[in-house]
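For reference, the structure is listed below as structure tokens.
The values are calculated or read from the model by the stated rules, or taken from the named source; none is laboratory data. Keep in mind that what you see is a predicted model, and the values were worked out from it rather than measured. Don't worry about glycine lacking a Cβ; one is built from the backbone with ideal geometry, like all the others, and counts go over all protein chains shown.
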Amino acid sequence: MTRAAVLAGVGGYVPPRVVTNEELSRRLDTSDAWIRTRTGIAARHVVDPGTSTGDLAVEAGGRALKNAGADGADLVIVATTTPDRPCPATAPTVAARLGLTDVPAYDVAAVCSGFVYALQAGAAAVTSGFAERALVVGAESFSTILDPTDRTTSVIFGDGAGAVLLRAGERTEPGAVLDVHLGSDGSMADLITVRGGGAEERSRGGTPRPEDRYFRMDGKSVFFAAVRRMAESSRTVLARTGWEVADVDRLVGHQANTRIIQAVAEQLGLPPERAVLNIERVGNTSAASIPLALADGLADGTLVAGDRVLLTAFGGGATWGSATLVWPDLPIG
Ligand code: UT7
């Protein structure tokens, strides 16, 4: 018997305010047709003033615990690009708000790959015996770092959170995290970045430039790197798991852009209808994207027990990663 981390519950949460493409078209030089055809996005959710990442993480984390029938966890990891504060990490506060004041809790910063990175950490902690139950959350209030005048990013990103609870179990059980592959290439750091707010800016001195507070992305370069790295990483994790591409029932790709997910499926030779998609309703929610897609896929019946599932993501850093699991029989929250 081989100890493994097993998916025991999933939870998702999006803030109530919906911003449609039409609404964006009224303040930016863009259109519903452009956004839909170039990205597959029709709407995204955005936090109201006063709500931030921790609030979304608590909602999603609480739902994952409830759906798993669990009264707690002994490890909490929050993947986010938009922490509530530069210091301290968001995870300890999220844990405390979930009633967990004596557990290890830390943030993972890998932008849109953040959830896969955090999943690896949570799964390794459970598999090694360090933890019995790990709550792994991806949460973003991305709208707080977008330049409202930048049409190339404002139309893509949205806010939300998703979470999974991993419990100790056996590798042969459905839900066991089978394999994870991660990678990074820091020479691509400038492709996706918030330049200001960190030590670089502060150590330079002088007056911070307001525009450096905002998120910037070289969309075209990211598009090609994302397709290449997600496809490569997927092949690597499939080989480690011993699955052929044809064995994959569901591809849960980071919801960056429908065209990116379709291109990854095409490069892998996977029928595009095997992709789980919720981007139309929520946009790109960065670290929250994969767990939110899992929660939505479970709720709408796209993910069913026994499905062989491939997760894959690419994000700032650059970072990327993929994971495999067989979907377990989970209650719909
Ligand atoms: O989540 C982390 C990873 N992020 C991603 O994976 C995002 C990756 N990149 C993308 O999804 C796409 O590159 C974008 C959606 C950002 C852009 O799509 P694209 O097909 O690569 O468009 P483009 O940047 O080549 O721009 C095509 C045209 C340009 O006009 P010209 O130069 O052809 O006249 C842009 O100025 O579309 C213009 N454009 C827009 N037009 C209307 C760019 N953004 C917009 C917009 N509305 N929002």
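Could you tell me whether A139 is part of a strand (DSSP E or B) and within 16 Å of the ligand (Cβ to nearest atom)? So A139 fits the description; yes.
Whether a residue is assigned to a strand (DSSP E or B) and either in the same structural domain as N278 (by TED's automatic domain parsing) or in contact (Cβ under 8 Å) with a residue 12 or more places away in the chain (or both) was assessed, and G169 passes this test. Among the residues of the range 196-205, is any more than 30 Å from T324 (Cα to Cα), surrounded by 13 or more Cβ atoms within 10 Å (Cβ to Cβ) and in contact (Cβ under 8 Å) with a residue 60 or more places away in the chain? Yes, the range 196-205 contains a residue that is more than 30 Å from T324 (Cα to Cα), surrounded by 13 or more Cβ atoms within 10 Å (Cβ to Cβ) and in contact (Cβ under 8 Å) with a residue 60 or more places away in the chain. Each residue in the range 64-83 was checked for being under 17 Å from the mean Cα position of the chain (by Cα), more than 30 Å from T30 (Cβ to Cβ) and either assigned to a helix (DSSP H, G or I) or without any contact (Cβ under 8 Å) to a residue 60 or more places away in the chain (or both), and 1 of them qualify.
When the test is whether a residue is surrounded by fewer than 18 Cβ atoms within 10 Å (Cβ to Cβ) and farther than 30 Å from A134 by Cα, R240 does not pass it.
Identify, from the list R17, R44, the residue that is surrounded by fewer than 23 Cβ atoms within 10 Å (Cβ to Cβ) and modelled with pLDDT of 95 or more.
Sole residue among the options that is surrounded by fewer than 23 Cβ atoms within 10 Å (Cβ to Cβ) and modelled with pLDDT of 95 or more: R17.
Inclusion of G61 among residues that are in contact (Cβ under 8 Å) with a residue 24 or more places away in the chain, more than 16 Å from the ligand (Cβ to nearest atom) and crowded, with 24+ Cβ neighbours inside 10 Å is warranted.
Residues in the range 23-38 that are over 14 Å from E280 (Cα atoms), more than 7 Å from the ligand (Cβ to nearest atom) and either touching a Gly at 6+ places or on another chain (Cβ under 8 Å) or not hydroxyl-bearing (S, T, Y) (or both): E23, L24, R26, R27.
Considering the range 207-221, the residues that are within 15 Å of the ligand (Cβ to nearest atom) and free of Cβ contacts under 8 Å to residues at least 40 places away in the same chain include one that is surrounded by the fewest Cβ atoms within 10 Å (Cβ to Cβ), namely K220.
Checked against the criterion of being in contact with a Gly (Cβ under 8 Å, 6 or more places away or on another chain), more than 13 Å from the ligand (Cβ to nearest atom), more than 26 Å from E132 (Cα to Cα) and in contact (Cβ under 8 Å) with a residue 24 or more places away in the chain, the candidates V10, V46 yield just one match: V46. Per the listing T127, T101, T90, the residue uniquely more than 23 Å from G50 (Cα to Cα) and in contact with a Pro (Cβ under 9 Å, 6 or more places away or on another chain) is T101.
Just one of the numbered conditions (1) out of contact with any Lys or Arg (no Cβ under 9 Å at 6 or more places or on another chain); (2) part of a strand (DSSP E or B); (3) more than 21 Å from L298 (Cβ to Cβ) is not true of V19: (1). Please specify each residue of the range 294-330 satisfying the condition of being part of a loop (DSSP other than H, G, I, E, B) and away from the ligand (no atom under 16 Å from the Cβ). Within the range 294-330, D300, G301, T302, L303, V304, A305, G306, D307, W327, P328, D329, L330 qualify.
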